[in-house]
Amino acid sequence: MRAAIYARYSSENQRPESIEDQVAACRRLAVQRGFTILEEHIYTDQAQSGARKDRPGLATLLAAGQQRAFEIVLVDDLSRLARDNYLMLSVLAELHFADVHVVSVADGLDSHDQDATLGIQIRGIFNELQLQDLKKKTLRGQIGQKQRGFSVGEHTYGYTSVPVGATRLDKKGRPRPEGYKFEILPGEAAVVLRVFQAYARGLSVIRIVRMLNTEAVPGRMRTSKGWSPATVSRLLDNEKYIGRWVWNKQEARRDPRTGRRRQFPKPASEWITHEDESLRIVPRDLWEAVRVRRQQVRRSWPGGKGRRGFSAHQGGRVQHFPTHLLSGAMICGTCGATMAEVSGKPAATMAVSRPRRAPAGTSCSSAERWSRGLS
């Protein structure tokens, strides 16, 4: 029977040679059972999480399986196929529909064998529990490092991390410091301060972006596009520049349909806040001035994720997008309500569409009409 091989390792902490070891184990089983390995159908994914479905190697394997390019897929163990139980079962279901069965070397399981159904389910649950346990231990270790004042991989323009404490050898014999702490990078800090000062003077985000790109000011990300409005906006709203570092504000969850991670906010009770005045780049008075102007800009024009229309501070839509010269400009002299166009043919007619309560001793009737046309 024609057989394909799939191998994967999840992170840079694992050896790339792991791929070769997995393929070798699958080849040995193929010899024992008389399978024919198709060299053009050996699929691999390097540094790819087993909880993701959008892996290049896996996607190509599934596409070839639908074309019946082989009858068997060999894996070193089912966790190589997927760590998430739901994902593993969905992959097996796709291959089963194409009449392709999966054989796991280490687990001794064959998806074509009905007696192995329970074993596959149990192995999938076990692999998923291992993944959840790894996440908990990783988060616990990160929280411990943050509580000791160390960084845990945050990358922020204006700062660099330096090793501190005693150095020890890890399991692979590589030197590892006790932790890392941030220090201010003078060159980048000067750019940050300049951006805040320019914005406080009245320059718009767009003008600041043009200024930085015209002068070819290097950013943290070396891209041909240079600085962008989104980058400058995030910089202006980053509390780290006043020495306030807040961590664990969000958590990543993987969409079971796409396998992609999405960020979700965590309750404030789980946040870890570290105040360090030595890491302040922006003076307090400048920070407050920028905050005031940011609020003024947000109130002057609609925008922001999930927002539609205008807020009470921004006025009505007709004030920003008038349909004719008198849009939003005609007001009833009795009740103060805005007059609107109630008829467009043969001549535009204006009237009070929603009369307000008139002052004492006066009356307002919405039945009155005025022509907007010139006579």
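The values are calculated or read from the model by the stated rules, or taken from the named source; none is laboratory data. Quick caveat: nothing in here was measured; it's all calculated off a predicted structure. Note that we place each Cβ from the backbone using ideal geometry, even for glycine, and neighbour counts take in every protein chain shown. All accessible areas refer to the heavy atoms of the entire protein, side chains included, with ligands and DNA or RNA removed. Shrake-Rupley method; radii C 1.70, N 1.55, O 1.52, S 1.80 Å.
Every residue in the stretch 250-288 that is of a type in the set (A, V, I, L, M, F, W, C), in a helix (DSSP H, G or I) and closer than 18 Å to Val191 by Cα, please. I'd like the intermediate steps shown before the answer.
Taking the stretch 250-288 first, the residues of a type in the set (A, V, I, L, M, F, W, C) are 252, 264, 268, 271-272, 279, 281-282, 286-287.
Going one step further and asking which of them are in a helix (DSSP H, G or I), we end up with 268, 279, 286-287.
Passing the criteria: Leu279, Leu286, Trp287.
Among the residues in the stretch 269-281, are any farther than 30 Å from Leu193 by Cβ and modelled with pLDDT of 85 or more?
Yes, that holds for at least one residue.
Among Arg291, Arg299, which is closer than 25 Å to Phe182 by Cβ, assigned to a helix (DSSP H, G or I) and either open to solvent by 40 Å² or more (accessible area, probe 1.4 Å) or modelled with pLDDT under 90 (or both)?
Arg291
Can you name the number of the only condition in (1) of a type in the set (A, V, I, L, M); (2) open to solvent by less than 50 Å² (accessible area, probe 1.4 Å); (3) part of a helix (DSSP H, G or I); (4) touching a helix residue (DSSP H, G or I) at 6+ places or on another chain (Cβ under 9 Å) that Ile125 fails?
Condition not satisfied by Ile125: (2).
So which residues in the stretch 74-97 are part of a loop (DSSP other than H, G, I, E, B) and either of a type in the set (Asp, Glu) or open to solvent by 10 Å² or more (accessible area, probe 1.4 Å) (or both)?
Within the stretch 74-97, Asp76, Asp77, Arg83, Asp84 meet the criteria.
When you look at Thr214, is it among the polar types (S, T, N, Q) and modelled with pLDDT of 90 or more, yes or no?
Taking the combined requirement at face value, the residue satisfies it.
When you check Ile208 against the structure, is it in contact (Cβ under 8 Å) with a residue 12 or more places away in the chain, of a type in the set (Val, Ile, Thr), surrounded by 11 or more Cβ atoms within 10 Å (Cβ to Cβ) and closer than 28 Å to Gln142 by Cα, yes or no? First the steps, then the outcome.
On the way: in contact (Cβ under 8 Å) with a residue 12 or more places away in the chain: yes; of a type in the set (Val, Ile, Thr): yes; surrounded by 11 or more Cβ atoms within 10 Å (Cβ to Cβ): yes; closer than 28 Å to Gln142 by Cα: no.
No; evaluated as a whole, the condition is false for this residue.
Those residues that are part of a strand (DSSP E or B) and open to solvent by 20 Å² or more (accessible area, probe 1.4 Å), I need them from the stretch 99-113; list them, please.
Result: His101, Leu109, Asp110.
Specify which of the listed residues (Arg168, Arg194) is closer than 30 Å to Gln295 by Cα, open to solvent by 80 Å² or more (accessible area, probe 1.4 Å) and not aliphatic (A, V, I, L, M). Before the answer, list the steps.
Working: Arg168 fails: closer than 30 Å to Gln295 by Cα.
Result: Arg194 is the single residue among Arg168, Arg194 that is closer than 30 Å to Gln295 by Cα, open to solvent by 80 Å² or more (accessible area, probe 1.4 Å) and not aliphatic (A, V, I, L, M).
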